[in-house]
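Worksheet: one structure, shown below.
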Amino acid sequence: MEVWMHKKKAQDMREELRSYISLYYGPSAWDEIVSIEAQMRKAQKEEIYRKEELKQTIMEWTLGIFAFVFGMCIFALIIWLATSG
């Protein structure tokens with residue numbers, strides 16, 4: 001119930017802000033604000049996606065390097081056992 005009340009209050013405040021901006025700066029100003037908000041949301045989503053992609057790449061490289069080093073150690077152990085025996 002409290003969440004709904006906060007959401008309703010935010011909607012009312014946004015409507016009041018829209019009316020104020022439209023009255024003093026014209027309706028196109030509100031459209032510009034909405035456009036800027038959309039651009040900011042898009043940029044934020046792209047940034048989150050970029051960070052997740054970077055995290056995935058780092059994880060893959062780390063795992064790949066670990067697998068390579070582990071494989072080389074196994075290979076070196078086999079060579080060592082073959083030559084020392």
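Laboratory data are not the source of any read-out in this text; all were calculated from the coordinates shown. Worth saying up front: this structure is predicted, and the values here are computed from it rather than measured. Cβ sites come from the backbone with ideal geometry, for glycine too, and all protein chains shown count toward neighbours.
A quick yes/no check of all residues on (1) on the phi > 0 side of the Ramachandran plot; (2) surrounded by fewer than 10 Cβ atoms within 10 Å (Cβ to Cβ); (3) not charged (D, E, K, R):
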{"residue": "Met5", "(1), (2), (3)": "no, yes, yes"}
{"residue": "Ala29", "(1), (2), (3)": "no, no, yes"}
{"residue": "Ile33", "(1), (2), (3)": "no, no, yes"}
{"residue": "Lys51", "(1), (2), (3)": "no, no, no"}
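Taking the conditions exactly as written (assigned to a helix (DSSP H, G or I), under 31 Å from the mean Cα position of the chain (by Cα) and surrounded by 10 or more Cβ atoms within 10 Å (Cβ to Cβ)), does Phe66 satisfy them or not?
When the stated conditions are applied, Phe66 passes them.
How do the pairs read when you match residues in the stretch 8-30 that are without any contact (Cβ under 8 Å) to a residue 24 or more places away in the chain with residues anywhere that are among the β-branched types (Val, Ile, Thr), using Cβ under 8 Å and keeping only pairs 6 or more apart or on different chains?
The qualifying pairs are Ile21/Ile33; Ala29/Ile21; Trp30/Ile21.
If a residue has to be of a type in the set (D, E, K, R) and under 30 Å from Leu17 (Cβ atoms) to count, how many in the stretch 29-74 make the cut?
Here the count works out to 8.
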